[in-house]
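Read-outs: derived from the displayed coordinates by stated rules, not from any lab. Please read these numbers as outputs of a predicted model, since none were measured by experiment. Cβ: placed from backbone, ideal geometry, glycine included. Neighbour counts: every protein chain shown.
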Amino acid sequence: MNSKRTSPLRFAALLLIILLTSVCLGCAGSLGSSGAENDSAAGESGSTGIGVAKTVLLYPVNRILDVLDIFRLNVAAGPGFGLNLRATKFVQAGFENYVSVRAGLGKGGGMVFPRYGLLYSESELMTLGAGLAYTGGGQRGLTEVGGTVHVGIVGAEVAVDLMEFVDALAGFIMLDPQGDDL
Ligand SMILES: [Ca+2]
């Protein structure tokens, strides 16, 4: 059987192309805006055209990124203990006390890719409580459902964000309630 698999190198090259396309389109959009100040009629027309092209070209990219936004899914290494269970910020409870280096999806935590995490550090020091009175977990979304556990020197998180799920679905019909599309 002849099965094709995408190598990590090809995946990295594809990601680079996507990022460069995003940057170029962003620059083009800025130039279009400057032109609009000098020649409003022609500028507005140009900006609209660039805006439409940008939306079309980035449509598949934004759908992938929106889906990745849904999940908090990572493993951790570092000393400590912690347990947090949550069904949104309003319904949660736990106690956490650890310092960790994490690998995986962790929205808002990334040093290189703030939107996704991937490889980052995160600490919860003596945080505890319930509901909105919980003293930690500032990096977690308001509508996250899932849990975080840390025991000894290892930990993990599994959660989905309900608002991001809605945003990902809405994206397919060109809506962006989270305002995060490129
Ligand atoms: Ca979106």
Dipole of the range 71-164 [Lys/Arg +1, Asp/Glu -1 at C-beta], most positive-end residue of A87, M163, H150 | M163
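Tell me, Kirkwood radius of the range 106-182 from alpha-carbon pair distances, in Å? Can you show the working numbers first?
On the way: mean 1/r = 0.0702 Å⁻¹.
About 14.2 Å, per the Kirkwood formula over Cα pairs.
How fast does the range 54-146 diffuse by Stokes-Einstein, in µm²/s, taking the Kirkwood radius from C-alpha pairs at 25 °C and 0.890 mPa s? Please report the intermediate quantities before stating the final value.
Values: Rh = 14.1 Å.
Taking Rh from Cα pairs, D becomes 174 µm²/s.
Report relative contact order for the range 71-164 in percent, whole number only (criteria: Cα-Cα under 8 Å, sequence separation at least 6). Intermediate results must be reported in sequence, preceding the final value.
On the way: 268 pairs, mean separation 34.4, N = 94.
37 percent.
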